[in-house]
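> Handing you this structure, nothing more for now.
The values are calculated or read from the model by the stated rules, or taken from the named source; none is laboratory data. Because the structure is a prediction, the values reported are computed rather than measured. We place every Cβ from the backbone using ideal geometry, glycine too, and count neighbours over all the protein chains shown. Accessible surface areas use protein heavy atoms only, side chains included; no ligands, DNA or RNA. Shrake-Rupley method; radii C 1.70, N 1.55, O 1.52, S 1.80 Å.
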Amino acid sequence: MSQTEFFAFVEGVNIDGYVHGGNCDRALSPIGVGYRLSPADELPGEGGGKTRLKKYYEYLDGRSSLVTNFKGKTTVVVFFLDKDVDDQLGLPISTPHVIYTQFYDVENHVFDEGNVAEAVGAACSLPPNWCREEFGPQGAWQAAAAGLWIDWTRLCFLAKVLKVPGAVNYGRPSPLNTPSHEPADPMLAAKHEGDLRSSYRSATPDHDWHSARSTVETAYSIGNWDNIFKGKWYAQILSSQIQANCPNRIDIKNLAASLVKHVAATMSFASAWSISVQKAVESLALLNGLGAAQGDSAS
């Protein structure tokens, strides 16, 4: 009989399995619970990873199958979802069986908790001293990178929360920053915002527009840009900076994807978010009778 009792589903295949799996492992292995983690593309249906996971959650929830007991064996299902800006739109699903990222997506947490300088050195075979000088101490590079793309982040946030369709959206990288690691073109930024503003239709256009715009400015001013800045953009900016400034020739094939994985490999899984996820996973398992609390295992 399979020893798997805890089933976790994640959106993507690049680093979601490693990050969410790392938290599951730290939560479940000490209490003796076997788990299996699967990406959304293994599920039937159409649409992106998040769409598939939400549909499967609704399917199981509608059949009271998020927790099942068959012949004395209990199984529990959990879904890991990127928050995106769902909190701003009132979309989050409130249940212990759905665990969201605190930041926009899982890549935000990778770069927040990982060590960029160390990861670049390993990914590109570059000397540590150059990497330290180029990217600074942990956290410094991310702040600078997100700041470079504040204009594009603002536009994408406005378009998303105000439901303005068009070319401005979180699904594409910034056309304002060329190359990606350089500041935005102010004239392009002004033009894109003007075009977006003219496309917006609302009964209270000025109030809603300025309120959404203020949300972005506030988030950046208090250091919470990761709540609205798309973490997947970090790798593109980092790749652009490396290719422009590195002292040695490097292999640039699939560089951005490789960089994310190397940054993830430097995570300690000890951030406030990681610990909160581990506690949520452990609590869900114990609440449904799986495993044993660590204090009980010695008794």
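> Has the stretch 257-278 got at least one residue that is of a type in the set (Lys, Arg), at pLDDT 95 or above, within 22 Å of Ala145 (Cβ to Cβ) and surrounded by fewer than 18 Cβ atoms within 10 Å (Cβ to Cβ)? Full working, then the answer.
Keep residues of the stretch 257-278 that are of a type in the set (Lys, Arg), which gives 261.
Those left that are additionally at pLDDT 95 or above: 261.
With the extra rule that they be within 22 Å of Ala145 (Cβ to Cβ), the set shrinks to 261.
If we keep only those that are surrounded by fewer than 18 Cβ atoms within 10 Å (Cβ to Cβ) too, we end up with 261.
Scanning the stretch 257-278, I find at least one residue that is of a type in the set (Lys, Arg), at pLDDT 95 or above, within 22 Å of Ala145 (Cβ to Cβ) and surrounded by fewer than 18 Cβ atoms within 10 Å (Cβ to Cβ), so the answer is yes.
> I'd like to know if the stretch 190-208 contains one or more residues that are part of a helix (DSSP H, G or I), polar (S, T, N, Q), at pLDDT 95 or above and open to solvent by 30 Å² or more (accessible area, probe 1.4 Å). Full working, then the answer.
Just the residues of the stretch 190-208 that are part of a helix (DSSP H, G or I), to begin with: 190-199, 205-208.
Right, trim to polar (S, T, N, Q) and you get 198-199.
Now narrow it down to the ones that are at pLDDT 95 or above: none.
No.
> Say whether the condition of being in a loop (DSSP other than H, G, I, E, B), out of contact with any strand residue (DSSP E or B) (no Cβ under 8 Å at 6 or more places or on another chain), open to solvent by 60 Å² or more (accessible area, probe 1.4 Å) and not aliphatic (A, V, I, L, M) is met by at least one residue in the stretch 223-239. I'd like the intermediate steps shown before the answer.
Within the stretch 223-239, the subset in a loop (DSSP other than H, G, I, E, B) is 223-224, 228-231.
Filter once more, so that each one left must be out of contact with any strand residue (DSSP E or B) (no Cβ under 8 Å at 6 or more places or on another chain): 223-224, 228-231.
So of that shortlist, the ones also open to solvent by 60 Å² or more (accessible area, probe 1.4 Å) come out as 224.
When the remaining residues are screened for being not aliphatic (A, V, I, L, M), the result is 224.
Yes, the stretch 223-239 has at least one match.
> Give the stretch 1-20 a look and list any residue that's in a helix (DSSP H, G or I) and either in contact with a helix residue (DSSP H, G or I) (Cβ under 6 Å, 6 or more places away or on another chain) or surrounded by fewer than 17 Cβ atoms within 10 Å (Cβ to Cβ) (or both), or say none. Explain how you work it out, then say what you get.
Step one: list which residues in the stretch 1-20 are in a helix (DSSP H, G or I), which gives 16-20.
Once the filter is applied, which keeps residues that are in a helix (DSSP H, G or I) and either in contact with a helix residue (DSSP H, G or I) (Cβ under 6 Å, 6 or more places away or on another chain) or surrounded by fewer than 17 Cβ atoms within 10 Å (Cβ to Cβ) (or both), the stretch 1-20 yields Asp16, Tyr18, Val19.
> Right, another one. Tell me which residues, restricted to the stretch 32-53, are out of contact with any Phe, Trp or Tyr (no Cβ under 6 Å at 6 or more places or on another chain) and surrounded by fewer than 17 Cβ atoms within 10 Å (Cβ to Cβ).
Of the stretch 32-53, the ones out of contact with any Phe, Trp or Tyr (no Cβ under 6 Å at 6 or more places or on another chain) are 32, 34, 37, 39-42, 44-52.
The answer is Gly32, Gly34, Asp41, Glu42, Pro44, Gly45, Glu46, Gly47, Gly48, Thr51.
> OK, next. In the stretch 240-254, what residues are among the β-branched types (Val, Ile, Thr) and open to solvent by 70 Å² or more (accessible area, probe 1.4 Å)? Steps first, answer last, please.
Within the stretch 240-254, the subset among the β-branched types (Val, Ile, Thr) is 242, 250, 252.
Selection gives Ile252 alone.
> On to the next question. So which residues in the stretch 150-187 are open to solvent by less than 60 Å² (accessible area, probe 1.4 Å) and assigned to a helix (DSSP H, G or I)? Explain how you work it out, then say what you get.
Restricting attention to the stretch 150-187, the residues satisfying the condition of being open to solvent by less than 60 Å² (accessible area, probe 1.4 Å) are 150-159, 161-162, 164, 166, 168-170, 173-177, 180-181, 184.
Answer for the stretch 150-187, where residues must be open to solvent by less than 60 Å² (accessible area, probe 1.4 Å) and assigned to a helix (DSSP H, G or I): Ile150, Asp151, Trp152, Thr153, Arg154, Leu155, Cys156, Phe157, Leu158, Ala159, Val161.
> Examine the stretch 287-295 for a residue that is touching a Lys or Arg at 6+ places or on another chain (Cβ under 8 Å) and surrounded by fewer than 22 Cβ atoms within 10 Å (Cβ to Cβ), and state whether such a residue exists. It would help to see each step written out before you state the result.
Of all residues in the stretch 287-295, those touching a Lys or Arg at 6+ places or on another chain (Cβ under 8 Å) come to none.
Within the stretch 287-295, not a single residue is touching a Lys or Arg at 6+ places or on another chain (Cβ under 8 Å) and surrounded by fewer than 22 Cβ atoms within 10 Å (Cβ to Cβ).
> Here's something else I'd like to know. Could you tell me how many of the residues in the stretch 209-222 are part of a helix (DSSP H, G or I) and open to solvent by 20 Å² or more (accessible area, probe 1.4 Å)? It would help to see each step written out before you state the result.
Quick first cut of the stretch 209-222, residues part of a helix (DSSP H, G or I) only: 209-221.
If we keep only those that are open to solvent by 20 Å² or more (accessible area, probe 1.4 Å) as well, we get 210-211, 213-215, 217-218, 220-221.
Residues in the stretch 209-222 being part of a helix (DSSP H, G or I) and open to solvent by 20 Å² or more (accessible area, probe 1.4 Å): 9 in total.
> Still on this structure, I have one more. I'm trying to understand the selection: among the residues of the stretch 58-97, which are in a strand (DSSP E or B) and either open to solvent by less than 40 Å² (accessible area, probe 1.4 Å) or farther than 15 Å from Gly289 by Cβ (or both)? Give the steps one after another, and end with the answer.
Start the filter on the stretch 58-97 by keeping residues that are in a strand (DSSP E or B), which leaves 67-70, 73-81.
Selection gives Thr74, Thr75, Val76, Val77, Val78, Phe79, Phe80, Leu81.
> Follow-up. Could you list, in sequence order, all residues of the stretch 98-130 that are of a type in the set (Ser, Thr, Tyr) and either more than 30 Å from Lys55 (Cα to Cα) or out of contact with any strand residue (DSSP E or B) (no Cβ under 6 Å at 6 or more places or on another chain) (or both)? Spell out the reasoning first.
Keep residues of the stretch 98-130 that are of a type in the set (Ser, Thr, Tyr), which gives 100-101, 104, 125.
Within the stretch 98-130, Thr101, Tyr104, Ser125 qualify.
> Also: Return the residues of the stretch 128-149 that are touching a Ser or Thr at 6+ places or on another chain (Cβ under 7 Å) and either open to solvent by 40 Å² or more (accessible area, probe 1.4 Å) or acidic (Asp, Glu) (or both); say none if nothing qualifies.
none
> Let me confirm something: among Ile275, Ile250, which residue is part of a helix (DSSP H, G or I) and of a type outside the set (Lys, Arg)?
Working: Ile250 fails: part of a helix (DSSP H, G or I).
Within the list Ile275, Ile250, the selection yields Ile275.
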